[in-house]
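Each remark here refers to the structure printed beneath this line.
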2 protein chains.
Amino acid sequence: MKTVSEKITFDSSLTLESGQVLSGFELMTETYGELNSDKTNAVLVCHAFSGNHHAAGIKDGDKKPGWWDEIIGDNKTIDTTKFYVVSLNNIGGCHGSSGPVSISSELGKPYGASFPEVSVSDWVKTQKMLADHLGINCWEMVAGGSLGGMQALQWAISYPEKVKKAAIIAASSKISAQNIALNEVAREIIRKDQNFHNGEYLAQGKLPTKGLKAARMLGHITYLSESNMRKRFGRKLQDPKNKVDAGINYEVENYLQYKGEQFAKSFDANSYILMTKAMDSFDPAKDFDNDLVRCLQGIQAKLLIASFDSDWLFPKEYGLDIQMSAIKAGIDSSYVELNGDYGHDSFLFYSDQYASALKNFLNSNG
Amino acid sequence: MKTVSEKITFDSSLTLESGQVLSGFELMTETYGELNSDKTNAVLVCHAFSGNHHAAGIKDGDKKPGWWDEIIGDNKTIDTTKFYVVSLNNIGGCHGSSGPVSISSELGKPYGASFPEVSVSDWVKTQKMLADHLGINCWEMVAGGSLGGMQALQWAISYPEKVKKAAIIAASSKISAQNIALNEVAREIIRKDQNFHNGEYLAQGKLPTKGLKAARMLGHITYLSESNMRKRFGRKLQDPKNKVDAGINYEVENYLQYKGEQFAKSFDANSYILMTKAMDSFDPAKDFDNDLVRCLQGIQAKLLIASFDSDWLFPKEYGLDIQMSAIKAGIDSSYVELNGDYGHDSFLFYSDQYASALKNFLNSNG
């Protein structure tokens with residue numbers, strides 16, 4: 001699989017949904033496979049909350065492959081012998097694209113907390129600029145899970161003629177009060193870390209890793225299902241030899257502690273806040289008097305809306321709500337409820353059922 | 001309603017389930033109504049995780065009544081014109097009974113983190129000592145919700161001849177990996193507060209209120225249901241005039257911030273850790289080769305097991321699991337699934353259906 005990593009600089013200024021302006025920005029991208037001569041085989045994959053541009057393959061030195069490696073690759077569901085797959089780190093992120101850890105040319109130091117609020121529409125706007133840069137006039141498919149699925153939906157709404165198919169997986173047209181509440185608790189934990197310094201921790205030479213760790217531990221519970229945790233851990237006591245902390249009794253505690261610790265080493269606290277705020281604010285119907293049917297009416301892409309039965313963070317009602325509105329809007333849309341062993345995280349993992357739904361959709365006539 | 005608050009001192013030493021010994025201890029108690037001459041009308045109510053002895057009525061200066069005031073009182077579900085209701089703060093708590101904020105006679109200062117681990121069995125043991133002190137040979141009913149329901153179940157197991165009826169509400173015979181995980185995140189948040197000082201914050205003149213606040217915000221989400229939060233808050237934006245924090249956008253965030261703040265003023269961080277650990281470790285079947293049926297076989301009390309349909313923290317499967325084991329054990333047990341508007345917290349609030357189930361149970365022939 002031909003893989004190209006490239007950081008692309010956009011010099012033109014970008015007015016964000018909030019009204020704030022970035023004078024220019026960078027996008028860290030990764031592509032898999034080759035663009036055909038008429039540029040009609042391009043697939044955009046959009047990352048979820050903590051993902052990044054590295055969607056497939058194993059990079060030198062990494063232990064784990066990209067976040068959608070089970071789906072993207074030669075002869076896989078999104079077959080890179082046929083399709084040219086484009087992935088990127090969204091702005092506001094912390095893996096190479098412009099975000100809180102990037103150096104601001106105006107400030108001469110990292111943006112930190114001053115990096116502007118970003119939204120799903122903003123990301124889609126930058127992705128459109130990326131498509132133009134790559135000479136891609138229309139995506140064969142835009143796909144993503146969770147916050148990535150929201151981007152796929154926004155693409156179909158914002159640029160009806162530029163997307164043939166949108167795969168909206170484990171996603172929602174707007175999140176619930178409970179989701180917002182969980183995000184706010186995570187933000188609260190991060191903000192109250194003694195090293196957070198109102199988001200200016202880099203300038204202070206500090207990192208709020210304790211807060212990030214605990215926030216991720218909470219997130220991790222919401223990404224898994226109760227039944228998955230029951231099967232994997234149940235009430236098994238942790239072997240004292242491998243305890244990461246003396247206060248731990250159960251395997252599940254040890255696992256979360258470990259996962260939180262790992263995450264805190266590789267993610268930025270301000271990005272965590274920006275990304276969750278973007279998730280909270282996503283609600284494309286708000287520009288259509290809160291009428292999702294009207295909001296979807298302009299869509300020309302075919303939609304695939306998929307939910308997972310074990311997902312309690314973005315349960316199937318969210319997917320069904322989009323599907324019902326799509327039906328009323330008279331657009332071409334298909335809904336499927338999939339079995340998933342991993343709760344919300346099921347969208348990341350291969351299953352025959354999931355792969356066949358996505359593959360048939362991608363290979364269908366647009 | 002005659003109400004008596006009394007702190008009772010027990011001078012005899014108490015060996016805890018952990019093997020640690022308290023040389024003596026105090027129980028903060030509150031009673032409602034009057035004990036009849038043959039002492040056969042006593043009802044013990046056991047508090048949940050963050051509750052205390054103050055179960056009913058409004059105390060001078062308080063805005064809110066006791067935690068089960070909708071259920072306990074003259075002519076209410078647990079009718080204090082007929083029954084003598086006993087309530088207490090459990091040891092390890094922070095509202096008057098011996099716990100981390102109490103002065104240790106050995107140390108000459110508050111126990112702090114050195115207060116020993118407590119368990120549901122330990123609480124029941126101290127409650128039995130309280131019954132003996134009050135001259136109550138047999139409870140007409142022991143009742144509680146959530147962690148309180150676990151105590152009611154443990155009573156029926158530990159002292160078969162001392163309980164006529166046990167009402168086990170919104171409870172479980174053991175919590176799930178997901179519950180343990182949520183508790184561990186709360187503990188992690190508290191432990192990493194810069195003012196926690198390994199639990200010795202009182203000696204340092206500090207309070208880990210930020211950690212307690214965020215832990216409670218998380219807890220609060222789990223006590224409410226998704227549908228309750230949707231109805232109450234939905235995606236309504238917070239009126240800027242009443243924002244408790246500038247970073248807030250939605251009403252639900254403001255509500256949680258406020259609730260967390262209030263809680264952090266009145267609860268102790270070490271108690272939070274002890275109480276959640278007691279919840280994690282509750283598993284009476286563990287003494288019976290993990291066979292709940294055998295564990296329940298010695299029970300002589302009649303059981304009422306009640307779950308609420310909107311409870312996602314302790315879902316109905318937990319109650320049904322106890323009921324199925326009770327049936328197999330051949331003991332007298334009844335199960336009911338109730339409508340509850342408040343998720344897990346539904347056990348705190350009156351509804352016709354709930355009150356009538358509990359009242360009929362209490363007034364039935366034992």
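Every number in this text was worked out from the coordinates using simple rules, so none of it is lab data. From a predicted model like this one, the values you see are computed outputs, not experimental measurements. Using ideal geometry, Cβ is built from the backbone for each residue, glycine included, and neighbour counts are taken over all protein chains shown.
Counting only residues at least eight positions apart within a chain, or on another chain, the aspartates and glutamates with an alpha carbon under 15 Å from that of B:LYS210 are A:GLU184, A:GLU188, A:ASP193, B:GLU188, B:ASP193, B:ASP245, B:GLU261, B:ASP268. Note on the protein assembly as shown: helix-only mean residue ellipticity at 222 nm, from DSSP H runs of 4+ residues weighted -39500 (n - 2.57) and normalised by residue number, equals -10500 deg cm²/dmol. Across peptide B:172-180, the mean count of Cβ atoms from other chains lying within 10 Å of each residue's own Cβ comes to 6.
Using a Gaussian network model of chain A in which every pair of alpha carbons under 10 angstrom is joined by a spring, one finds that among A:LEU304, A:LEU134, A:LEU27 the greatest mean-square fluctuation is at A:LEU134.
Checked against a 32 Å cut-off, the cross-linked pairs B:LYS7/B:LYS241; A:LYS162/A:LYS286; A:LYS76/A:LYS243; B:LYS82/B:LYS213 give Cα-Cα distances beyond that limit for B:LYS7/B:LYS241; A:LYS76/A:LYS243; B:LYS82/B:LYS213. Remark: the B:ASP287-B:LEU320 segment gains 9.8 nm on full extension, using 0.36 nm per residue and subtracting the alpha carbon distance.
When chain A is turned onto chain B, the axis of that turn runs closest to one Cβ of chain A, and that residue with its distance in whole Å is A:GLN194, 2. Site pair A:ALA203 and B:ARG294 shows an inter-label distance of 6.5 nm when each label is modelled 7 Å from Cα along Cα→Cβ.
Within the straight-line cut-off of under 14 Å between alpha carbons, the aspartates and glutamates reachable from B:LYS359 are B:GLU70, B:ASP74, B:ASP79, B:GLU140, sequence neighbours fewer than 8 places apart in one chain being disregarded.
The listed peptides A:3-9, A:228-234, B:269-275, B:126-132, ordered by packing as a protection proxy, come out as B:269-275, B:126-132, A:228-234, A:3-9 (highest mean of other Cβ atoms within 10 Å first).
Each Cα pair under 8 Å and six or more residues apart adds its sequence gap; the mean of these over the residue count of chain B is a relative contact order of 17 percent. Of the peptides A:169-178, B:12-21, the ranking by mean beta-carbon count within 10 Å, highest at the top, reads A:169-178, B:12-21. Taking chain A as a Gaussian network of alpha-carbon nodes connected by springs under 10 Å, the highest mean-square fluctuation of the residues A:GLY247, A:GLY144, A:GLY340 belongs to A:GLY247. Centre-to-centre, using Cα atoms only, the range B:184-205 and the range A:350-366 are separated by 50 Å.
Label zone of B:CYS138 (point 7 Å out along Cα→Cβ, amide N under 14 Å): in the range B:165-182 this covers B:165-166.
Projecting each Cα onto the charge dipole of the range B:232-366 (Lys/Arg +1, Asp/Glu -1 at the beta carbon, about the Cα centre), which of B:ILE299, B:TYR250, B:GLY319 comes out farthest on the positive side? With unit charges placed on the Cβ atoms, the residue in question is B:TYR250.
Extending 7 Å from the Cα toward the beta-carbon at both B:GLU337 and A:SER351 defines two label points whose distance is 2.3 nm.
Relative contact order for the range B:179-276: 30 percent, from Cα pairs under 8 Å spaced at least 6 residues apart, divided by residue count.
The gain in end-to-end length when the A:MET129 to A:GLU161 segment is fully stretched comes to 10.0 nm, 0.36 nm per residue minus the alpha carbon separation.
Which of the three applies to the range B:179-276, rounded, prolate or oblate, going by the alpha-carbon gyration tensor with a ≥ b ≥ c and a/c under 1.5 meaning rounded? Since a/c reaches 1.5 but b/c is at least a/b, the shape of the range B:179-276 is classed as oblate.
Among the listed pairs A:LYS277/B:LYS265; A:LYS174/B:LYS231; B:LYS128/B:LYS164, those with a Cα-Cα distance over 19 Å are A:LYS277/B:LYS265. Secondary structure note: in the protein assembly as shown, about 40% of the DSSP beta bridges are antiparallel. Per-residue mean of foreign Cβ neighbours for B:187-195 is 6 (Cβ atoms of other chains, 10 Å radius). Taking chain B as a Gaussian network of alpha-carbon nodes connected by springs under 10 Å, the highest mean-square fluctuation of the residues B:HIS220, B:HIS133, B:HIS344 belongs to B:HIS133.
Within 10 Å of the Cβ of each residue in B:230-238, the mean number of Cβ atoms contributed by other protein chains is 3. For the range B:130-182 versus the range B:265-344, the spacing of their alpha-carbon centroids is 9 Å. Looking at the range A:69-120, the GluC sites (Glu not before Pro) that sit in a DSSP loop and have at most 12 other Cβ atoms within 10 Å of their own Cβ are A:GLU106.
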